[in-house]
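Undergrad: Shown below is the structure under consideration.
The values are calculated or read from the model by the stated rules, or taken from the named source; none is laboratory data. Please read all numbers here as calculations on a predicted model, not as lab measurements. Every residue, glycine as well, gets a Cβ built from its backbone with ideal geometry; the counts of neighbours run over all protein chains shown. All accessible areas refer to the heavy atoms of the entire protein, side chains included, with ligands and DNA or RNA removed. Shrake-Rupley method; radii C 1.70, N 1.55, O 1.52, S 1.80 Å.
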Amino acid sequence: MNENKGLLETIKCNECDSLMRKSMIDYKEEYDSEIISINNVEGYLCHKCGNQIPTEESIKYINDLIHLEKVKIKAEKLKKQEYILVNNLSNIRQGIGLSQKDLANFLDSAEQRLGVIERNTNTPTIIVEHLIASFLGVKTDDLYEMVFISPELYNKLLNIELIDHGNGNYKFKHVPTIAKVREEIWEKREELKNSNAQKIRLRNMIKTEKIDRDEGLAQIEALDSKIEEIKKIKDDKKNGLEKRLKKLEGKHSMIIKQERVIDKDTWEKVITSFSEYF
Ligand SMILES: [Zn+2]
């Protein structure tokens, strides 16, 4: 590499052998079928074939911007996906021949708490996760792996239980009662969101005098009692929808537990059984 490249006014075109002159160029790079364009950077332009090469100094600047753009593109795509966490802790622990009690002793943590983590009813803190990984001599990524799936598959998996007869005999079963309650909860959440948005709109309308003040306040009051009603249906500690969902989930071996965690073994069965989604 010519170290003085950026200082030279002309260089030879690596495409057509003509002279390239120093000029402001638009650098373009393809990433994940999108074009990232970094405009107006110093480079060399071949007037014969259109070839563009950034100067050495520009490259560092370009790379930083490109990296940022790639992160943004990736984040946009991931935002449209759902995530789940695949838990491989019990497999690794058993593979090494440690009992839950052994590991809990190492960790200075209650055996029960570890059980909760292994059954996916809760996730460990980052510190506990790192401690477990250190004790088992693995990487944290080996314990938990985050995977991104389509919303279609995620919604399907939410309402599925695993019937495992052992010896590799298993089937997944859709649980309609759970699917129905979940749908009702979604509807209530939407209604709450809309009612709250409507309230904000009304307040603004009162402020900007687009609605008679008393009329506006009356409508807000009506919305408030509607919101209370929805919340009662959804959140009542005894008969609310959320409570009903919890109870139902307790009765079935749902494959995705709270906090979106799934067993590694179950996950592998999902990949086999729902291959059309992968
Ligand atoms: Zn050229």
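Undergrad: Pick from 11, 62: which is in contact (Cβ under 8 Å) with a residue 40 or more places away in the chain and either within 30 Å of residue 264 (Cβ to Cβ) or not assigned by TED's automatic domain parsing to the domain that holds residue 151 (or both)? Even if it seems obvious, please write down each step before you answer.
TA: Working: 62 fails: in contact (Cβ under 8 Å) with a residue 40 or more places away in the chain.
Step by step, each of 11, 62 is checked, and only 11 is in contact (Cβ under 8 Å) with a residue 40 or more places away in the chain and either within 30 Å of residue 264 (Cβ to Cβ) or not assigned by TED's automatic domain parsing to the domain that holds residue 151 (or both).
Undergrad: Right, something else. When you go through (1) within 16 Å of the ligand (Cβ to nearest atom); (2) surrounded by fewer than 15 Cβ atoms within 10 Å (Cβ to Cβ) one by one for residue 51, which number turns out not to apply?
TA: For residue 51, the exception is condition (2).
Undergrad: The conditions are (1) surrounded by 14 or more Cβ atoms within 10 Å (Cβ to Cβ); (2) within 16 Å of the ligand (Cβ to nearest atom); (3) among the acidic types (Asp, Glu), and residue 56 fails exactly one of them. Which is it?
TA: Checking residue 56 against (1) surrounded by 14 or more Cβ atoms within 10 Å (Cβ to Cβ); (2) within 16 Å of the ligand (Cβ to nearest atom); (3) among the acidic types (Asp, Glu), the one that fails is (2).
Undergrad: Another question, then. Tell me the residue from 211, 185, 206 that is outside any helix (DSSP H, G or I), in the same structural domain as residue 240 (by TED's automatic domain parsing) and open to solvent by less than 40 Å² (accessible area, probe 1.4 Å), please. Steps first, answer last, please.
TA: On the way: 185 fails: outside any helix (DSSP H, G or I); 206 fails: outside any helix (DSSP H, G or I).
The unique qualifying residue is 211.
Undergrad: Next question. Take region 38-56 and flag every residue that is over 13 Å from residue 15 (Cα atoms) and either in a loop (DSSP other than H, G, I, E, B) or polar (S, T, N, Q) (or both).
TA: 39, 40, 55
Undergrad: List every residue pair whose Cβ atoms lie under 6 Å apart, where the two residues are 6 or more positions apart in sequence or sit on different chains, the first residue falls within region 139-156 and is farther than 12 Å from residue 278 by Cα and open to solvent by 80 Å² or more (accessible area, probe 1.4 Å), and the second residue, located anywhere, is modelled with pLDDT of 95 or more and polar (S, T, N, Q).
TA: Within 6 Å, no pair qualifies.
Undergrad: Related question: Can you tell me which residue within region 214-240, out of those that are assigned to a helix (DSSP H, G or I) and of a type in the set (Lys, Arg), is least open to solvent (accessible area, probe 1.4 Å)? Talk me through it step by step, then tell me what you get.
TA: In the first step, residues of region 214-240 are kept if they are assigned to a helix (DSSP H, G or I); the result is 214-235.
Of the ones still in play, those that are also of a type in the set (Lys, Arg) are 226, 231-232, 234.
On the way: 226: 98, 231: 91, 232: 138, 234: 22 Å².
Once the filter is applied, the top-ranked residue is 234.
Residue-by-condition table, conditions (1) farther than 30 Å from residue 30 by Cβ; (2) touching a residue at least 60 places away in the same chain (Cβ under 8 Å):
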{"residue": "76", "(1), (2)": "no, no"}
{"residue": "87", "(1), (2)": "yes, yes"}
{"residue": "92", "(1), (2)": "yes, no"}
{"residue": "106", "(1), (2)": "yes, no"}
{"residue": "109", "(1), (2)": "yes, no"}
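Undergrad: Would you be able to say whether some residue in region 107-114 is under 30 Å from residue 277 (Cβ atoms) and either more than 24 Å from the chain's Cα centre (by Cα) or at pLDDT 95 or above (or both)?
TA: Within region 107-114 (the criterion being under 30 Å from residue 277 (Cβ atoms) and either more than 24 Å from the chain's Cα centre (by Cα) or at pLDDT 95 or above (or both)), the answer is no, since none of the residues qualifies.
Undergrad: Report whether or not residue 40 is at positive phi and surrounded by 13 or more Cβ atoms within 10 Å (Cβ to Cβ). Write out each step before concluding.
TA: Numbers: at positive phi: yes; surrounded by 13 or more Cβ atoms within 10 Å (Cβ to Cβ): no.
When the stated conditions are applied, residue 40 does not pass them.
Undergrad: Quick test for you: out of 84, 35, pick the one residue that is assigned to a strand (DSSP E or B), loosely packed, with under 11 Cβ neighbours inside 10 Å and more than 16 Å from the ligand (Cβ to nearest atom).
TA: Selected residue: 35, the only one of 84, 35 that is assigned to a strand (DSSP E or B), loosely packed, with under 11 Cβ neighbours inside 10 Å and more than 16 Å from the ligand (Cβ to nearest atom).
Undergrad: Residue check: is residue 125 touching a His at 6+ places or on another chain (Cβ under 9 Å) and free of Cβ contacts under 8 Å to residues at least 60 places away in the same chain?
TA: On the way: touching a His at 6+ places or on another chain (Cβ under 9 Å): no; free of Cβ contacts under 8 Å to residues at least 60 places away in the same chain: yes.
Taking the combined requirement at face value, the residue does not satisfy it.
Undergrad: Do you know which of the residues in region 15-32 that are more than 8 Å from the ligand (Cβ to nearest atom), more than 38 Å from the chain's Cα centre (by Cα) and not hydroxyl-bearing (Ser, Thr, Tyr) is surrounded by the fewest Cβ atoms within 10 Å (Cβ to Cβ)?
TA: 24
Undergrad: Could you say whether any residue in region 166-174 is open to solvent by 20 Å² or more (accessible area, probe 1.4 Å), of a type in the set (S, T, N, Q) and not in a helix (DSSP H, G or I)? Break it down into steps so the answer makes sense when it comes.
TA: Looking only at region 166-174, we keep the residues that are open to solvent by 20 Å² or more (accessible area, probe 1.4 Å), and these are 166-174.
Now drop any that are not of a type in the set (S, T, N, Q), which leaves 167, 169.
Applying the additional criterion that residues be not in a helix (DSSP H, G or I) yields 167, 169.
Yes.
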